[in-house]
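K.L.:
Submitted below is the structure of interest, expressed as structure tokens.
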Amino acid sequence: MLTSIPCVDSLGGQERPELSTNQECWSMDFVADQLFDGRKFRCLTVVDNYSRQCPAILVGQSLKGKDVVAALEKLKQENNAVPKRIQVDNGSEFISKALDKWAYDNKVTLDFSRPGKPTDNAFIESFNGSFRDECLNTNWFLSLEDAKEKIEAWRQEYNHFRPHSSLGDITPEEWVKINIVKSEFSTFGQS
């Protein structure tokens with residue numbers, strides 16, 4: 001089992017529970033970059049905090065709360081599950097009414113970082129550093145479509161081929177096969 005660094009919940013002042021399986025807690029954040037001609041784009045990154053898998057990176061030029069909801073809804077359909085909790089910062093996309101309603105409807109707790117405390121969401125900050133170093137800084141993006149293709153190829157490599165020291169030098173895919181049974185924490189379809 002992975003050990004987690006105790007982290008204080010931003011709302012209740014309590015320690016976050018230690019994770020024991022995937023789909024318990026995801027983290028989300030945004031990363032910005034630009035195309036070769038200077039046009040900016042953003043990436044919504046999503047990471048499972050236990051398995052370190054990246055289920056999605058959404059790429060677009062103007063991503064809003066409704067786009068975050070659409071990405072989560074797509075992941076819900078693909079996985080037939082949602083996480084119990086999602087760690088996010090206080091960005092406008094994450095404090096939107098659309099995401100709040102989605103979380104309420106799906107019984108997902110939104111766990112907001114304390115302002116100015118990126119270490120509250122250390123998994124996504126670490127992931128975003130690797131994403132920037134290994135993908136964004138090493139590629140020249142000719143179009144938004146080109147960026148989507150290259151970023152998806154990197155995400156596949158990250159999940160299926162790249163060993164992670166935090167997982168004992170195996171890939172997230174291997175980690176899941178060895179350590180994970182179907183999540184007991186899925187709230188999909190519960191009333």
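K.L.:
Got a sec? What order do LYS177, LYS76 fall in by accessible area at 1.4 Å, biggest, i.e. largest, first? Walk me through the numbers before you get to the answer.
P.N.:
Working: LYS177 150, LYS76 25 Å².
Largest to smallest exposure gives the sequence LYS177, LYS76.
K.L.:
Something else now. For segment 22-93, evaluate the Debye formula with one uniform point scatterer on each Cα (no solvent term) and list log10 I(q)/I(0) at q = 0.17 Å⁻¹, rounded to two decimals.
P.N.:
So the normalised log intensities are -0.63.
K.L.:
Just to check I understand the Karplus step: with θ = phi - 60° and J = 6.51 cos²θ - 1.76 cosθ + 1.60, what whole-Hz values come out for segment 41-58, glycine and proline as x?
P.N.:
9, 10, 10, 8, 9, 10, 9, 7, 5, 7, 8, 6, 5, 10, x, 6, 9, 8
K.L.:
Using a 1.4 Å probe on the protein chains only, how many percent of the accessible area of segment 123-177 belongs to carbon and sulfur? Mind dumping the intermediate values first?
P.N.:
Working: 1500 of 2970 Å².
That fraction is 51 percent.
K.L.:
Looking at segment 82-191, which GluC sites (Glu not before Pro) are DSSP coil and have at most 13 other C-beta atoms within 10 Å of their C-beta? Numbers along the way, then the final one.
P.N.:
Values: sites: GLU93, GLU125, GLU134, GLU145, GLU149, GLU152, GLU157, GLU173, GLU174, GLU184; in loops: GLU93, GLU184.
Listed in order of number, the matching sites are GLU184.
K.L.:
Separate question: Grab every C-alpha pair in segment 37-191, bin the distances at 10 angstrom width from 0 up to the longest one, and report whole percents.
P.N.:
10, 37, 39, 14, 1
K.L.:
Return the lysines within reach of LYS74: Cα separation strictly under 21 angstrom, same-chain partners fewer than 8 residues apart disregarded; answer none if there are no such residues.
P.N.:
By straight Cα distance, LYS74 reaches LYS64, LYS66, LYS84, LYS97, LYS101, LYS107, LYS148, LYS150, LYS182.
The values are calculated or read from the model by the stated rules, or taken from the named source; none is laboratory data. Model, not experiment: these values are computed from the prediction. Ideal geometry is used to build each Cβ from the backbone, glycine not excepted, and the neighbour counts take in all protein chains shown. Each accessible area value is taken on the protein alone, full model and side chains, heavy atoms only, with ligands, DNA and RNA left out. Shrake-Rupley method; radii C 1.70, N 1.55, O 1.52, S 1.80 Å.
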